[in-house]
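These notes concern the structure reproduced below.
Bear in mind that the values in this text are calculations on the coordinates, not laboratory data. Computed from a predicted model, the values in this text were never measured in an experiment. Please note: Cβ atoms are built from the backbone with ideal geometry, for glycine as well, and neighbour counts cover all protein chains shown.
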Amino acid sequence: MNEINKIQDLIKDLSPENALGVIANAFPGKVVFSSSLGYEDQVITHFIFSNSLPIDVFTLDTGRLFNETYSVLNSTLERYKKSISVFYPQTQALEKLVSEKGPNSFYASPENRKECCYIRKVEPLKRALKGNSIWITGIRADQSGNRNDMPALEWDEANQIIKFHPILNWSLEDVKKYIRENNIPYNALHDKGFVSIGCAPCTRAIKPGEDFRAGRWWWEQNDKKECGLHNK
């Protein structure tokens, strides 16, 4: 895609922080960052807020988040004095789901779980991305075997938007070190073995030696477990 090639030329050899600044200036008012308030996303939020980059930051409140996640959202707002847009599920769709299938239908089948993820996460994400050109994410390559060969810039067909993963090649230790050195607020669950943190009923701590994604939807027996926000 020509647009991706142009961006690649613009940010070649730049640090993640500087690359974000260049992209934000190249697409004024059209760059957004989706934060789950986890380790990686807190690093990118720091890049954006500490440099006052013109990038809108948003998060998805599924209605089933951990209290610790709300705490880090509050701490982040207090630290940077910047706003984070919060997107919620459509009330009517959520009411219908819970009324017809109960609050924990996602445990019954992969289809039910994907339905819940769509209502609580995917549809709100589409609203958040609408009208924008660049979607910034906190994806890292070593989070999943499916992400090892991902490019830092890619076209997201489902959402018709270019995605940029500025810290794609960072290790988890790189992220932790940056968090410590810059005193960045982070989710306390990370200190309890939680690596990837999503909804409370669908996330658990992982055991030593377990795959990064083992703590998400652990009751499902398959190798590729995603919620639909990213295809990898």
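Quick rundown of the values:
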{"item": "Glu220 versus Leu77: modelled label distance in nm, points set 7 Å from Cα along the beta carbon direction", "result": "3.1 nm"}
{"item": "Where labels lie 7 Å past Cα in the beta-carbon direction, separation of Asp149 and Leu172 in nm", "result": "2.4 nm"}
{"item": "Between the range 14-92 and the range 155-223, the alpha-carbon center distance in angstrom", "result": "15 Å"}
{"item": "Computed label-point distance, nm, for sites Arg127 and Asn18 using a 7 Å Cα→Cβ extension", "result": "3.9 nm"}
{"item": "DSSP loop chymotrypsin sites (Phe, Trp or Tyr not before Pro) with at most 14 other Cβ within 10 Å excluded, longest remaining stretch of the chain", "result": "1-217"}
{"item": "The chain: antiparallel DSSP beta bridges as a percent of all, rounded to 5", "result": "35 percent"}
{"item": "Aspartates and glutamates with Cα under 20 Å of Lys96, excluding same-chain neighbours fewer than 8 positions away", "result": "Asp61, Glu111, Glu115, Glu123"}
{"item": "Theoretical ellipticity at 222 nm over the chain - DSSP helices of four or more residues, -39500 (n - 2.57) apiece, nearest 500", "result": "-10500 deg cm²/dmol"}
